[in-house]
1. Would you be able to tell me the number of residues in region A:31-42 that are more than 23 Å from A:Glu4 (Cα to Cα) and surrounded by 24 or more Cβ atoms within 10 Å (Cβ to Cβ)?
2. Is it true that A:Leu52 is at pLDDT below 95 and either among the β-branched types (Val, Ile, Thr) or buried (at least 21 other Cβ atoms within 10 Å of the Cβ) (or both)?
3. Condition first: more than 25 Å from A:Ser194 (Cα to Cα) and either without any contact (Cβ under 8 Å) to a residue 40 or more places away in the chain or hydrophobic (A, V, I, L, M, F, W, C) (or both). Now tell me which residues in region A:13-54 satisfy that.
4. Filter region A:182-197 down to the residues that are surrounded by 20 or more Cβ atoms within 10 Å (Cβ to Cβ) and either modelled with pLDDT of 90 or more or in contact with a His (Cβ under 8 Å, 6 or more places away or on another chain) (or both) and list them by number.
5. Would you mind stating whether B:Ala132 is surrounded by fewer than 18 Cβ atoms within 10 Å (Cβ to Cβ), in a helix (DSSP H, G or I), touching a residue at least 24 places away in the same chain (Cβ under 8 Å) and within 15 Å of the chain's Cα centre (by Cα)?
6. If you go through region B:176-208 one residue at a time, how many are over 25 Å from B:Arg65 (Cα atoms) and outside any loop (DSSP other than H, G, I, E, B)?
7. Just the residues that are small (Gly, Ala, Ser) and either on the phi > 0 side of the Ramachandran plot or more than 9 Å from chain A (Cβ to nearest Cβ) (or both), please, taken from region B:66-86.
8. Could you list all residues from region A:61-93 that are at the interface with chain B (Cβ under 8 Å from one of its Cβ atoms), assigned to a loop (DSSP other than H, G, I, E, B) and surrounded by 23 or more Cβ atoms within 10 Å (Cβ to Cβ)?
Amino acid sequence: MASEPLIRVTGLRKTFGNHRVLDGLDLDVRAGEAVAVLGANGAGKTTLLKVLATLARPTRGTATVAGHDCAKDAELVRREIGLVAHSSHVYEDLTAAENLTFWATLAGLRPSAAERAGALAAVELERAAAARVRTFSAGMKRRLSLARFVLARPRVLLLDEPFTGLDQGGKKWLEEHLASFKTGGGAIVMTTHSFGRELAVADRIAILAGGAIALDTPRGALSADDVHRLYTLHAEDAS
Amino acid sequence: MVVVWKDLLVERRSKETLNALFFFGLLLLFVFQFALGPDRERLAGTLPGLLWLGFILSGLLGLGRTFVAERENDCLEGLLLAPGDKSAIYVGKLAGNLLLMLVIETILLVLFSFFFNLDIAGALPALSIVIALGTVALAAVGTLFAAMTAQVRARELLFPVLLLPVETPVLLATVKATEAVLLGEPLGSVAHWLKLLAAADVVYVAVGVLTFDFVLEA
């Protein structure tokens, strides 16, 4: 029997003024599953993530994470999620280790030095532990951003174009990290513009067009060309 | 506590606010010195006002920068997403601002006594109480308004426009109490002003603690 979805979005509508960004969006994501959301610029991918992350309230419809309503139980939802957005949410004048200590303490965790070192090692930043973030590349900041969730262990990861700014080594590392997160029972929603190997981590591909999910299909044996063809058919037609 | 630790660490490394406020205070004192000259009678009447003008102007600059570090890499969004009571973030930010303002005010006070050739040693205990009470009220509202305007485009203009009217009773009380203390009057003679300041402190801190969550979510 299939498990209850960790993420459930039903009839979601989100408007900004007169502009309807999402309109009747439905999406379920189960534990151990990763969904890649594809869509043209302005299709509403980031808005969907913001609603799931409790940073934007739905105009209509509901979004729940681990059974908690994103609008009504934002505090409970925040305990279940890790958001890696375009911004890394790290302080430039703190070191990598200090950043981890700060965010973990704020989340009510008391990581030991060994746990902190382990989290930095997990994102391959152990050598940069004492370096200030101001000296980091965009890819290193993204890794540090993820290290926060190695400590916090959320059940849901929300990733906004997570592969952007990563070099080939970084992309490979992220793929392995996300695969391991899924194996541990976590659910992932990630937005992407890429049709390439970055999609390998996804179990399903959802194409967002016209404010709703136009196509939700298992990635299975779809090649990059297949995905591109489907994307063109749905997403670009809608825009 | 972790918010104070982080803010003080960032400030210790960047030294942006402390350095800027020190030189701003120094320039302010030069301007006052040139404007007023050596006339001691004139000085005695205007000194309490000038002292608090220095405090509030440097306070405006310092408090306005409360969330500058949070704007980099959108850390304000990170704070919002952190589970737990958001009022703890306000208390941490307030404590950090208080420490910074008290350091700057101490430096300004020493420079004031040097520039205007004042002997404030006798009045120092009473003066410290007045300054501490006034600074808590200034920092409490300033920290809250800094959060309110952190994401606003015209924040540099909006912040003082919001802050100064709310601080008017506090400024009135601090200037009057400082004037009396510098003239050598006992604290008891300005008890009504001190009570007003203490009440303002309680009300402003309570409002900050109770509303910070809404301010951050908005």
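The values are calculated or read from the model by the stated rules, or taken from the named source; none is laboratory data. Here the structure is a predicted model, which means the values were calculated and not measured. A quick note on method: Cβ atoms are made from the backbone with ideal geometry, for glycine too, and the neighbour counts reach across all protein chains shown.
1. Initially, region A:31-42 is screened for residues more than 23 Å from A:Glu4 (Cα to Cα), giving A:38-42.
The next check asks that each one be surrounded by 24 or more Cβ atoms within 10 Å (Cβ to Cβ); those that pass are A:38-39.
Within region A:31-42, residues that are more than 23 Å from A:Glu4 (Cα to Cα) and surrounded by 24 or more Cβ atoms within 10 Å (Cβ to Cβ) number 2.
2. Numbers: at pLDDT below 95: no; either among the β-branched types (Val, Ile, Thr) or buried (at least 21 other Cβ atoms within 10 Å of the Cβ) (or both): yes.
When the stated conditions are applied, A:Leu52 does not pass them.
3. Within region A:13-54, A:Phe16, A:Gly17, A:Asn18, A:His19, A:Thr54 qualify.
4. A:Gly186, A:Ala187, A:Ile188, A:Val189, A:Met190, A:Thr191, A:Phe195
5. Details: surrounded by fewer than 18 Cβ atoms within 10 Å (Cβ to Cβ): yes; in a helix (DSSP H, G or I): yes; touching a residue at least 24 places away in the same chain (Cβ under 8 Å): yes; within 15 Å of the chain's Cα centre (by Cα): yes.
Yes, satisfied.
6. As a first pass, look at region B:176-208 and keep what is over 25 Å from B:Arg65 (Cα atoms): B:176-196, B:198-199.
Remaining after also requiring outside any loop (DSSP other than H, G, I, E, B): B:176-182, B:187-196, B:198-199.
Of the residues in that region, 19 qualify.
7. Initially, region B:66-86 is screened for residues small (Gly, Ala, Ser), giving B:69, B:78, B:82, B:84.
B:Gly84 - this is the single residue of region B:66-86 that is small (Gly, Ala, Ser) and either on the phi > 0 side of the Ramachandran plot or more than 9 Å from chain A (Cβ to nearest Cβ) (or both).
8. Residues satisfying the conditions are A:Ser88, A:His89, A:Val90, A:Tyr91.
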